[in-house]
Protein chains: 2
Amino acid sequence: MVTNRSKRPRLPKLPALDPTGVPAIKGSSAYPPPFRAKVAGRIKQRLGDALGLRNFGVNLTRLEPGAWSALRHWHTRQDEFIYIVSGEATLVTDRSRQVLTAGMIAGFPAGRADGHHLINRSKRDVVYLEVGDRMPGDEAAYPDDDLFLKDKAGARSFVHKTGKPW
Amino acid sequence: MVTNRSKRPRLPKLPALDPTGVPAIKGSSAYPPPFRAKVAGRIKQRLGDALGLRNFGVNLTRLEPGAWSALRHWHTRQDEFIYIVSGEATLVTDRSRQVLTAGMIAGFPAGRADGHHLINRSKRDVVYLEVGDRMPGDEAAYPDDDLFLKDKAGARSFVHKTGKPW
């Protein structure tokens, strides 16, 4: 009997992985409830965690049409990097709005006070890689919303712009 | 007169970039001379630096047929992440040798004493993204070679396994 076994693609083993098997997290349970609808069509796979990495996070993220990557924000200590894998994302910053296609990159240095996010204004999914380090004491500002991500001795929580907890 | 201007793809502006314009560095001038031939067909573009990021490095790296990503090594404090963009790379570790294709990932947590590198054993170029943080005090061990990357108060240099400088 002839089997087809040798023609199946072999799945890689750690320290390599096929991202297909990494759990997908849809939407956000971290934002205060009024802000969650914007990211309801965002699906993240935490690749770095799946590989045992700790110093930085790497996510493979898919945005359905209409979904946002995040509320527009900037970080005080964390650097962020984006690589578009497929589809088209609109990058929104203080002064610009530009469409990024497969192979394009973007970077947001820590402390640069220019709020940014990606929006999927196209009719099909966009997929991108995002990398962010885990500098202690990182906080995030949200210029368009009554929101601030506050760090207190390593514990982060969302507060209003007045400092009152959400 | 009709011009074609509107049909040209628009190049992104910072904080986004088209990696095509980022300078390419061929081979290594960092390894001691006897080790440089293995990476002569390696072309790196330092994307993270081009975007102004400091907490971690992101390179878009191309290996010509036969080229190595690096001598087989592991880091004491740095986490490393790999994402295959196109082509096929052979990942070599202590116990395995496996072919990674586009979309596959690999990760090498700091301090895990399993030397790794990628080799291009195919007939066409392989392109991958590599991310590594910049933890102070990081050193690297090279199990197959008379080489160690030593850190002394933030200055790193290659030494023999005896500790004698190269």
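The values are calculated or read from the model by the stated rules, or taken from the named source; none is laboratory data. Please read these numbers as outputs of a predicted model, since none were measured by experiment. All Cβ positions, even for glycine, are placed from backbone atoms using ideal geometry, and neighbour counts span all protein chains on display.
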Open item on the list: Test of understanding: among B:ARG77, B:ARG54, which residue is surrounded by fewer than 20 Cβ atoms within 10 Å (Cβ to Cβ), in contact with a helix residue (DSSP H, G or I) (Cβ under 9 Å, 6 or more places away or on another chain) and in contact (Cβ under 8 Å) with a residue 12 or more places away in the chain?
Closed with: B:ARG54
Task: Qualifying positions in the range B:111-130 - closer than 24 Å to A:LEU60 by Cβ and of a type in the set (Lys, Arg) - done: B:ARG112
Open item on the list: Between B:ASP49, B:ASP18, B:ASP79, which is more than 13 Å from the chain's Cα centre (by Cα), under 20 Å from B:LEU149 (Cβ atoms) and at pLDDT 95 or above?
Closed with: B:ASP49
Open item on the list: Going by what's in this entry, would A:ALA110 be described as touching a His at 6+ places or on another chain (Cβ under 7 Å), facing chain B (nearest Cβ under 8 Å) and modelled with pLDDT of 95 or more?
Closed with: yes
TODO: Read through the list (1) hydroxyl-bearing (Ser, Thr, Tyr); (2) more than 8 Å from chain B (Cβ to nearest Cβ); (3) under 12 Å from the mean Cα position of the chain (by Cα), then give the number of the only condition that A:SER29 fails.
DONE: (3)
Task: Within the range B:93-108, tally of residues that are buried (at least 19 other Cβ atoms within 10 Å of the Cβ) and in contact with a Lys or Arg (Cβ under 9 Å, 6 or more places away or on another chain) - done: 1
Open item on the list: Looking only at strands (runs of 3 or more DSSP E) that lie completely in the range A:98-166, which have at least 1 residues being of a type in the set (Gly, Ala, Ser)?
Closed with: A:105-108, A:126-133, A:155-159
Task: Failed item, numbered, when B:VAL131 is tested on (1) more than 18 Å from B:PRO65 (Cα to Cα); (2) more than 16 Å from the chain's Cα centre (by Cα); (3) of a type in the set (Val, Ile, Thr) - done: (2)
- [ ] Output the residue which, of all residues in the range B:36-86 that are touching a Phe, Trp or Tyr at 6+ places or on another chain (Cβ under 8 Å), among the charged types (D, E, K, R) and part of a loop (DSSP other than H, G, I, E, B), is farthest from the other protein chains (Cβ to nearest Cβ).
- [x] B:ARG72
